[in-house]
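Engineer: Provided herewith is a single structure, encoded as structure tokens, for subsequent inquiry.
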Amino acid sequence: MAINVNTVYQTVLLILNKEQRGYMTPLEFNKIGTQTQLEIFETYFESLNQQIRIPQTNVDYADRVLNLDEKISIFKTSGTPTYTAPSFSLPSESGLAQSTETIPTVAGTVAYTFSSITANELSNGTVQVYFDGVLQPTTAYSITGVIITLTASPVAGIPPAPNTPENVFVVVTLDDFYRLGTVTYQSGALHAQELERVTRSGLYHLLSSKLTKPSTYYPVYLYENKRLLVYPTTITSGITVDYIRKPADPLWNFTLGSNNQYVYSPNTSINFELHDAEQTELILKILLYAGVVVKSPEIVQVAAQQVAQENQNQQR
Amino acid sequence: MAIPNGGLITETNRQYYAGAQQQYITTAGAGQTMISTFDTPLVYGSSDPANNNYLLNSFDIFTSSDALTWAALTPRSAVSTTAAIAPVGGVAQGVQTIVILVANLAIIPGMIIRNSAGTITYGTVTSVTNSTTFICNIVVAIPAANPGVALSLNSPLPWSMTANIVTIASYLAAFTYIKIQLNENVIQESRGSYEYTRLNDVIDNFLIAYVGIGKLIPSVKRSDVVFHAKRGLQEFSYDTLKSVRSQELTVNYALNVIIPQDYVNYVRLSWIDGLGVQHTIYPANELTTNPFASPVQDEVGTPTQDSQDSNIQGSSQTEAAWASGDPRRINGAFSRDITDASVLMNTPYDGMLGQRYGLEPQTSQKNGWFTINEREGVFSFSSELKDKLIVLEYISDGNAYDLDARIPKLAEEALYAHMMYSILSTSSGIQEYVVRRFKQEKSAKLRNAKIRLSNIKLDQIIQVMRGKSKWIK
């Protein structure tokens, strides 16, 4: 359930180069791909809002609300927030969106530059560094921008033994919290209760009303500054948050071939996470941006018409 | 059908009738858990009977090797006690490593070390190294003896409970049964509960069935639903649901009883005679009253004030006169009035009652009167009821305690209709004809609920109607 990044890139290049309009580098493609994926992703929620107001057909595959939900379902996840008095922090990482890179070491060299993990990912995600498969403390390395500096210089082993460490493996788990969904509370074997989201002003009234005062049966929460304030305040654990995570940034990664050409690296690339049904729109929208990049009004016009046509068909 | 199989009944026969749930342990060890599946949430205070919080428990834990003979799992019960022999040379005070002479797997951290008679407490096990070695905090030195002092080790809190999960801290042998046994009062409260639907379920059902896309209520705040459900339950409690609240009390020398904490209105007050028959006590109505204030007046009739600028209150002379008066002067009863409903106690004098004419019918009764003294928050009674046993039947609003928050199934549909109407009538953009439709539906279902709950049975009507063939002499 993902759109292959190479398929998209090759299709975009095919259309662009057919009339010798220009070329899009992998770096440009990756940035435009990220932008396009987020753009399509964001439209889901507005489209859902519009579609739920319209009576839907009960025929399989024709219910637009269900179809949209299927596209969103890819990004639905849940997590356990951490309580730090007086509130819960949001689960920032689903753990599903990760960037990884393996860096072979060179004896005596301590600084290495990441080629696939971006500075943005490194600064916004949680970084774990392994030396030959062993998780390292943060004292064993430092990261600045896209450069990792090892505290101890790798030592060359006696041939044929490799360097120590031989490989530095870096995993960046991305902070991918996007939209808050349902918040539930469960204590032990008791039934789970859904928490109601209230506003600050509403909370004051609720707290002062004996009939509607929050209880463990009917808990409520405030959502402020990325934190959950749960009432009654006796609840300090057992909260689960369902949320939508952000799609991982696509990456068309490569190695350089014998003629310095880009050779697709499927193992280190990251596919688009959107539903397969979005492949056409994804390519069209990337083409739209590509037309701007290569300064081709024809491409922009044709792509824009196609996107508009598709949106009209989908009643967006 | 002893085992719940997906229907509305979720308790087994054993849980409902005996208030017990048992589990079979096949693996020995400490820290075993048992999840309660009773409809009633468990309440836990302490598992040590010596602790005052033990009285808060709504249940107890028993163990058995054969599921026939059960023993309560207490700090000193057989299961949590394990015999061990202290080192021959004794153990000094302080943190000590004890190597016992006989290996024992049942020793766990937290156990209290005593002598075999349980009369001397030596200390506490802090950690266990292996089956013979454990580290403990010794507060009373274990004396030297050959072959060592016999010890008994018990868990101070052999079990605990959090959110319906019971954790057995004590070591349990393999193939042991453990049982949750509810207290008798808890079992009694849950009996007959199938007659009711809990308010929580009503609210959840309402949100599922009546709220959503494509329905008349597309979305609603749950707190609104909770409010209307509780308000509905209050309204139903006043005039639809049967009154189940009553208290048996004795009228004190001051001729009053305190209004119950969850009182909303009375249904009936009656005094109980020697046969246990109840006699309705009537409200005094216009006969007397309880003044809310009785300010002390000066010689010209002006209320006087104290140093805090408030009127000085005196005692009510109306109440004093009513309390000291003889009610027979009002109701016209004989001094040899009977105090029992037994027909065997009738005397020839009783027949003379019918010869008295000219009495006010509404005051011609011998059961006494009551007033509600709002100032003191008590029911006050006329003097002939002093020391009498009375029963106060009253209604509450269904929201006083959590256990109250339930609705008879016979009125469940009426409550849904009430909630539906209340929400629609306070929502914007709902057509008036829709609101009216649900107003009618609410009224019809409420009427239906009242008929159902009035409990008119054919047999009872027949029994009453037999009286029409009785000859009146």
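Engineer: Working only within segment A:155-200, note down all residues that are polar (S, T, N, Q), in contact (Cβ under 8 Å) with a residue 40 or more places away in the chain and more than 14 Å from chain B (Cβ to nearest Cβ).
Structural biologist: If we filter segment A:155-200 for residues that are polar (S, T, N, Q), which is where we start, we get A:163-164, A:167, A:173, A:182, A:184, A:186-187, A:193, A:199.
Filter once more, so that each one left must be in contact (Cβ under 8 Å) with a residue 40 or more places away in the chain: A:163, A:167, A:173, A:182, A:184, A:186-187.
Scanning segment A:155-200 gives A:N163, A:N167, A:T173.
Engineer: Here is a further query. From the set of residues in segment B:215-226 that are over 15 Å from B:R198 (Cα atoms) and facing chain A (nearest Cβ under 8 Å), which is least open to solvent (accessible area, probe 1.4 Å)?
Structural biologist: B:S223
Engineer: Let me ask something additional. For segment A:11-37, which residues satisfy the criterion of being at pLDDT 90 or above and loosely packed, with under 15 Cβ neighbours inside 10 Å?
Structural biologist: Passing the criteria: only A:Q35.
Engineer: Which one of these does A:Y217 not meet: (1) within 9 Å of chain B (Cβ to nearest Cβ); (2) open to solvent by less than 30 Å² (accessible area, probe 1.4 Å); (3) not small (G, A, S)?
Structural biologist: A:Y217 satisfies every listed condition except (2).
Engineer: On the given criteria, is B:V128 open to solvent by 50 Å² or more (accessible area, probe 1.4 Å), in contact (Cβ under 8 Å) with a residue 12 or more places away in the chain, away from chain A (no Cβ under 14 Å) and of a type in the set (A, V, I, L, M, F, W, C)?
Structural biologist: yes
Engineer: When you scan segment B:125-233 for strands (runs of 3 or more DSSP E) that lie fully inside it, which ones turn up with 2 or more residues that are within 27 Å of B:P49 (Cβ to Cβ) and out of contact with any Lys or Arg (no Cβ under 9 Å at 6 or more places or on another chain)? Write out each step before concluding.
Structural biologist: Values: elements: B:133-138, B:150-154, B:159-162, B:165-168, B:176-182, B:196-198.
Fully inside segment B:125-233 and qualifying: B:133-138, B:159-162, B:165-168, B:176-182.
Engineer: Here is a follow-up. Residues of segment B:44-62 being part of a loop (DSSP other than H, G, I, E, B) and farther than 22 Å from B:Y16 by Cα, which ones? Can you show your working first?
Structural biologist: To start, the set of residues in segment B:44-62 that are part of a loop (DSSP other than H, G, I, E, B) comprises B:44-51, B:57-58.
Of everything in segment B:44-62, those that are part of a loop (DSSP other than H, G, I, E, B) and farther than 22 Å from B:Y16 by Cα turn out to be B:G45, B:S46, B:S47, B:D48, B:P49, B:A50, B:N51.
Engineer: Here's a follow-up. Restricting the search to segment B:150-208, which residues are within 14 Å of chain A (Cβ to nearest Cβ) and among the polar types (S, T, N, Q)?
Structural biologist: B:S160, B:T162, B:N164, B:T167, B:N200, B:N205
Engineer: Within segment B:258-278, does at least one residue satisfy the condition of being buried (at least 17 other Cβ atoms within 10 Å of the Cβ), within 25 Å of the chain's Cα centre (by Cα), assigned to a loop (DSSP other than H, G, I, E, B) and aromatic (F, W, Y)?
Structural biologist: yes
Engineer: Separate question: Taking B:F236 as meeting all but one of (1) more than 17 Å from B:W369 (Cβ to Cβ); (2) among the aromatic types (F, W, Y); (3) open to solvent by 40 Å² or more (accessible area, probe 1.4 Å); (4) away from chain A (no Cβ under 14 Å), write down the number of the exception.
Structural biologist: Tallying (1) more than 17 Å from B:W369 (Cβ to Cβ); (2) among the aromatic types (F, W, Y); (3) open to solvent by 40 Å² or more (accessible area, probe 1.4 Å); (4) away from chain A (no Cβ under 14 Å), B:F236 fails exactly one: (3).
Engineer: Would you be able to tell me the number of residues in segment A:37-74 that are away from chain B (no Cβ under 14 Å) and not small (G, A, S)?
Structural biologist: The number of residues fulfilling the criteria is 18.
Engineer: Of all the residues that make up segment A:155-200, how many are among the charged types (D, E, K, R) and either open to solvent by less than 30 Å² (accessible area, probe 1.4 Å) or modelled with pLDDT under 90 (or both)? If you could, list the steps in order and put the result at the bottom.
Structural biologist: Initial filter on segment A:155-200 (among the charged types (D, E, K, R)): A:166, A:175-176, A:179, A:194, A:196-197, A:200.
Keeping just the survivors that are either open to solvent by less than 30 Å² (accessible area, probe 1.4 Å) or modelled with pLDDT under 90 (or both) gives A:166, A:175-176, A:196.
Adding up the residues that qualify gives 4.
Engineer: Of A:L222, A:L203, which residue is within 14 Å of another protein chain (Cβ to nearest Cβ), in contact with a Lys or Arg (Cβ under 8 Å, 6 or more places away or on another chain) and either part of a strand (DSSP E or B) or surrounded by fewer than 21 Cβ atoms within 10 Å (Cβ to Cβ) (or both)? Outline the logic, then answer.
Structural biologist: Details: A:L203 fails: in contact with a Lys or Arg (Cβ under 8 Å, 6 or more places away or on another chain).
One residue alone meets the criteria, A:L222.
Engineer: Among residues belonging to segment B:30-48 that are out of contact with any helix residue (DSSP H, G or I) (no Cβ under 9 Å at 6 or more places or on another chain) and under 27 Å from B:S127 (Cα atoms), point out the one that is farthest from the other protein chains (Cβ to nearest Cβ).
Structural biologist: Across segment B:30-48, the extreme among qualifying residues is B:A30.
Engineer: Identify all residues within segment B:386-433 that are over 30 Å from B:N367 (Cα atoms), of a type in the set (S, T, Y) and surrounded by 15 or more Cβ atoms within 10 Å (Cβ to Cβ); write none if there are none. Walk me through how you get there before you give the answer.
Structural biologist: Residues of segment B:386-433 that are over 30 Å from B:N367 (Cα atoms), as a first pass: B:398-433.
Filter once more, so that each one left must be of a type in the set (S, T, Y): B:401, B:416, B:421-422, B:425-428, B:433.
Those that are over 30 Å from B:N367 (Cα atoms), of a type in the set (S, T, Y) and surrounded by 15 or more Cβ atoms within 10 Å (Cβ to Cβ): B:Y416, B:Y421, B:S422, B:S425, B:S427.
Engineer: Considering only segment B:11-20, I want to know if a residue exists there that is within 30 Å of B:T121 (Cα to Cα) and open to solvent by less than 80 Å² (accessible area, probe 1.4 Å).
Structural biologist: Looking for residues that are within 30 Å of B:T121 (Cα to Cα) and open to solvent by less than 80 Å² (accessible area, probe 1.4 Å), one finds none in segment B:11-20, hence no.
Engineer: When you scan segment B:15-29, how many residues do you find that are assigned to a loop (DSSP other than H, G, I, E, B) and either out of contact with any helix residue (DSSP H, G or I) (no Cβ under 9 Å at 6 or more places or on another chain) or within 11 Å of chain A (Cβ to nearest Cβ) (or both)? Please lay out each step first, then the result.
Structural biologist: Keep residues of segment B:15-29 that are assigned to a loop (DSSP other than H, G, I, E, B), which gives B:19, B:26-28.
From what is left, the residues that are either out of contact with any helix residue (DSSP H, G or I) (no Cβ under 9 Å at 6 or more places or on another chain) or within 11 Å of chain A (Cβ to nearest Cβ) (or both) are B:26-28.
Qualifying residue count, segment B:15-29: 3.
Engineer: Among the numbered conditions (1) closer than 30 Å to A:G125 by Cα; (2) open to solvent by 70 Å² or more (accessible area, probe 1.4 Å); (3) among the polar types (S, T, N, Q); (4) within 14 Å of chain B (Cβ to nearest Cβ), tell me where A:S208 comes up short.
Structural biologist: So A:S208 meets the others, but not (1).
Engineer: B:I113 - would you say it is in contact with a Gly (Cβ under 7 Å, 6 or more places away or on another chain), open to solvent by less than 50 Å² (accessible area, probe 1.4 Å) and either of a type outside the set (A, V, I, L, M, F, W, C) or more than 14 Å from every other protein chain (Cβ to nearest Cβ) (or both)?
Structural biologist: On the way: in contact with a Gly (Cβ under 7 Å, 6 or more places away or on another chain): yes; open to solvent by less than 50 Å² (accessible area, probe 1.4 Å): yes; either of a type outside the set (A, V, I, L, M, F, W, C) or more than 14 Å from every other protein chain (Cβ to nearest Cβ) (or both): yes.
Answer is yes for this residue.
Engineer: Kindly indicate whether any position in segment B:63-85 is on the phi < 0 side of the Ramachandran plot, open to solvent by 30 Å² or more (accessible area, probe 1.4 Å), within 14 Å of chain A (Cβ to nearest Cβ) and outside any loop (DSSP other than H, G, I, E, B).
Structural biologist: Among the residues of segment B:63-85, not one is on the phi < 0 side of the Ramachandran plot, open to solvent by 30 Å² or more (accessible area, probe 1.4 Å), within 14 Å of chain A (Cβ to nearest Cβ) and outside any loop (DSSP other than H, G, I, E, B), which makes the answer no.
Engineer: Something else now. Could you pull out the residue among A:T7, A:T113, A:T102 that is open to solvent by 30 Å² or more (accessible area, probe 1.4 Å), more than 14 Å from chain B (Cβ to nearest Cβ) and either closer than 26 Å to A:N313 by Cβ or free of Cβ contacts under 8 Å to residues at least 12 places away in the same chain (or both)? I'd like the intermediate steps shown before the answer.
Structural biologist: Values: A:T113 fails: either closer than 26 Å to A:N313 by Cβ or free of Cβ contacts under 8 Å to residues at least 12 places away in the same chain (or both); A:T102 fails: either closer than 26 Å to A:N313 by Cβ or free of Cβ contacts under 8 Å to residues at least 12 places away in the same chain (or both).
Among A:T7, A:T113, A:T102, only A:T7 is open to solvent by 30 Å² or more (accessible area, probe 1.4 Å), more than 14 Å from chain B (Cβ to nearest Cβ) and either closer than 26 Å to A:N313 by Cβ or free of Cβ contacts under 8 Å to residues at least 12 places away in the same chain (or both).
For every residue, the table says whether it meets (1) more than 30 Å from B:I217 (Cα to Cα); (2) out of contact with any Ser or Thr (no Cβ under 6 Å at 6 or more places or on another chain); (3) open to solvent by less than 30 Å² (accessible area, probe 1.4 Å); (4) in contact (Cβ under 8 Å) with a residue 40 or more places away in the chain.
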residue: B:F379; (1), (2), (3), (4): yes, yes, yes, yes
residue: B:E384; (1), (2), (3), (4): yes, yes, no, yes
residue: B:S443; (1), (2), (3), (4): no, yes, no, no
residue: B:R452; (1), (2), (3), (4): no, yes, no, yes
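The values are calculated or read from the model by the stated rules, or taken from the named source; none is laboratory data. Everything numeric here is computed off the predicted structure, so don't read it as measured data. Cβ coordinates were reconstructed from backbone atoms using ideal geometry, including for glycine residues, and neighbour counts include every protein chain displayed. Each accessible area value is taken on the protein alone, full model and side chains, heavy atoms only, with ligands, DNA and RNA left out. Shrake-Rupley method; radii C 1.70, N 1.55, O 1.52, S 1.80 Å.
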